[in-house]
Amino acid sequence: MIQKYLEDYTFLWEESTSDFPFIAQKFSYKEKQIREKILDQYIQTIKAVRNGKLNRKKFTEEDEHLFFAHTRNFLHDGLDFTEVQLQVMFSDELTGVTRQFVRQARKFDSSLSFHDIFQACRNMWIMNGLQIVLGLPVKLTPSIFAYSLLYPYTDNLIDNPEISAIDKLIFSNNFYLRLAGNNPLPNNASEHTIFNLVSMIEDEFPRSDYPEVYQSLLAIHEAQTQSMQLIHSVDTLSETETLKICMAKGGASVLADGYLVAGKLSPDQEYFLFGYGAYLQLLDDIQDVDEDRIAGLKTAFSKSNELLDSKLNKTYWFGDKVMQSLCLFGGQYIEIFQSLMRKSMDLFIIEAIAQNPDFFSKKYVAEIERNSPFSFAYIKKRKEQFAPYNGLLLTAIEEIAFNEYLKETRVEVNVF
């Protein structure tokens, strides 16, 4: 299903220029200091709100509106998001779906941690964004709910050190059979839950009417299975083979997002979604380059022993071409969504370099820092508390999710 897209986007990345990224806005030392003070004040607001909730202080609707106002002000004054972009990020529909998801997830499985639910929410928000550009109502469908929860469950099972490698292999085979439409008997409670989530998707999208939905789910499973080659102790893959495995994993994931939102997609929509997912995966790999090297995970970035200036440049321009193809999508708010994606991804790249400066030349780091609203020294200092860009972009919606989680939870919660 994804092979042609994989070949096309691999060629696109390899043909992308190595020129320095074009991030128009630059910030003086004084401007950075002003924005760092704004962020310091906002972080204190976040701490006060979160501590109040943990201490069971009643969080009123007025408190919520005030917190949202603080968040919008920070994103506007500290990170230069426009009013139009903020309207999309904080729409009533998105906040309402978030509350509904948390309540439904807690009802589905009361043992789910806030970490698991928030991970699932992030999956859901990507799909909500796709609903917007596809011109569909922003709502929580059975398939969005099920798919958003699938990967916290499967990740927890695969990452559990108490489960043997053989049992994980058996699960992977059973999961494949279930995605393919068979009905293997679950071996444990986790498999039973995972199979039930697949059933929710089948109820909304019957296999006979929506075969592409299940082809996309199988494509993810295959891509994740292939990605296991990246952690072998003996590195036998070429750079191009490694790049393809990474792109396939990200591209297949977002392509499935699209099918689980819409049921059917046009070839142009498929093309964009695969490229968007591939680009998101490359950005994740850039940010995780140090952790991946330590863990022995060979991505397109962690396997290289050279400085990553050129590869980062190629990735930036690759993403620029991917974003241009969004015009083929034919949905609503394309220009707004495109500008929001570009803004968020530029900040993501800046943050990745700020947190991994040793992987880039000193000249390159200094040049990129000119485009950062905060000094890199400040970002490093704040790293242990909050990620200045990536984390804070989700903070307000996270607080809504956390508030709903506490309403349904009577045990002590530690989320810091």
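Starting at 0 and stepping by 10 Å, how many percent of the alpha carbon pairs of the range 202-295 end up in each bin?
Reading upward from the zero bin: 16, 42, 27, 13, 2.
Can you put Trp317, Trp13 in order, fewest other beta carbons within 10 Å first?
Numbers: Trp317 19, Trp13 25.
Ascending Cβ contact count within 10 Å gives the list Trp317, Trp13.
Can you find, among Ser310, Ser266, Leu282, the residue farthest towards the positive end of the dipole of the range 258-323? Put +1 on the C-beta of Lys and Arg, -1 on that of Asp and Glu.
Ranked along the dipole, the leading option is Ser266.
Where is the GNM fluctuation largest for the chain (alpha-carbon springs, 10 angstrom cutoff): Cys246, Cys327, Cys121?
Cys327
If you take the charge dipole of the chain about its Cα centre, with +1 on Lys and Arg Cβ and -1 on Asp and Glu Cβ, which of Thr193, Phe74, Leu150 is farthest toward its positive end?
Of the candidates, Phe74 comes out farthest on the positive side.
What net charge do the residues around Asp309 carry, taking every other residue with its C-beta under 12 Å from that of Asp309, with Lys and Arg at +1 and Asp and Glu at -1?
Working: positive: Lys311, Lys314, Lys362, Lys363; negative: Asp19, Glu306, Glu367.
Summing Lys and Arg as +1 and Asp and Glu as -1 gives +1.
Using DSSP loop states and a limit of at most 14 other Cβ atoms within 10 Å to flag trypsin sites (Lys or Arg not before Pro), what is the longest stretch of the chain containing no flagged site?
Within the chain, the longest run free of exposed trypsin sites (Lys or Arg not before Pro) spans 265-369.
Test of understanding: what is the full-extension gain from Glu204 to Asp358, defined as 0.36 nm times their sequence separation minus their Cα-Cα distance?
Details: separation 154, 0.36 × 154 = 55.44 nm, distance 4.84 nm.
Taking 0.36 nm per residue and subtracting the Cα distance, the gain is 50.6 nm.
Any idea what the dipole of the range 209-283 comes to, in debye rounded to 20, about its Cα centre with Lys/Arg Cβ at +1 and Asp/Glu Cβ at -1?
On the way: 3 positive and 9 negative charges, 21 e Å.
That gives the range 209-283 a dipole magnitude of about 100 debye.
Starting from 0.36 nm per residue, how many nanometres of slack lie between Asp77 and Gln100 once their C-alpha separation is accounted for?
Details: separation 23, 0.36 × 23 = 8.28 nm, distance 3.04 nm.
Working it through step by step, the gained length comes to 5.2 nm.
Within the set of other residues whose C-beta is less than 11 Å from the C-beta of Ala69, count the net charge using Lys and Arg as +1 and Asp and Glu as -1. Walk me through the numbers before you get to the answer.
On the way: positive: Arg72; negative: Glu62, Asp63, Glu64.
With Lys, Arg at +1 and Asp, Glu at -1, the net is -2.
Placing unit charges on C-beta atoms (Lys and Arg positive, Asp and Glu negative, everything else neutral), compute the dipole magnitude of the range 280-325 about its Cα centre in debye, rounded to 20.
Roughly 240 debye for the range 280-325.
Report D for the range 109-223 in µm² per second (integer): Stokes-Einstein, Kirkwood Rh on Cα pairs, 10 °C, 1.306 mPa s. Spell out each step's value before the answer.
Numbers: Rh = 15.1 Å.
Result for D is 105 µm²/s.
Expected output is a single nm value to one decimal: the length gained when fully extending between Ser310 and Gln25, i.e. 0.36 nm times separation in residues minus the C-alpha distance. What is it?
On the way: separation 285, 0.36 × 285 = 102.60 nm, distance 2.12 nm.
Taking Ser310 through Gln25 to full extension adds about 100.5 nm, to one decimal.
Considering the dipole of the chain built from charges on the beta carbon (Lys and Arg +1, Asp and Glu -1) around the Cα centre, which of Leu237, Tyr29, Met1 is farthest to its positive end?
Tyr29
Among residues other than Asp235 whose Cβ falls under 10 Å from its Cβ, what is the net charge (Lys/Arg +1, Asp/Glu -1)? Intermediate results must be reported in sequence, preceding the final value.
Working: positive: Lys298, Lys303; negative: none.
Neighbourhood net charge equals +2.
Need one number for the range 1-117: average projected area of the convex hull over its C-alpha atoms, nm².
Numbers: hull surface 51.0 nm².
Across all orientations, the range 1-117 yields a mean hull projection of 12.7 nm².
How large is the charge dipole for the chain, taken about the Cα centre, if only the Cβ atoms of Lys, Arg (+1) and Asp, Glu (-1) carry charge, to the nearest 20 debye?
Values: 42 positive and 57 negative charges, 221 e Å.
So the dipole magnitude of the chain works out to roughly 1060 debye.
Across the range 58-113, how large is the tail of the calculated P(r) beyond 15 Å, expressed as a percent of all Cα pairs? Display every interim value, and only then the final one.
On the way: 955 of 1540 pairs.
Percentage above 15 Å: 62.
Each value in this text was obtained by applying a stated rule to the coordinates, not by laboratory testing. Keep in mind the model is a prediction, meaning the values are calculated, not measured. Note that each Cβ is placed from the backbone with ideal geometry, even for glycine, and that neighbours are counted across all protein chains shown.
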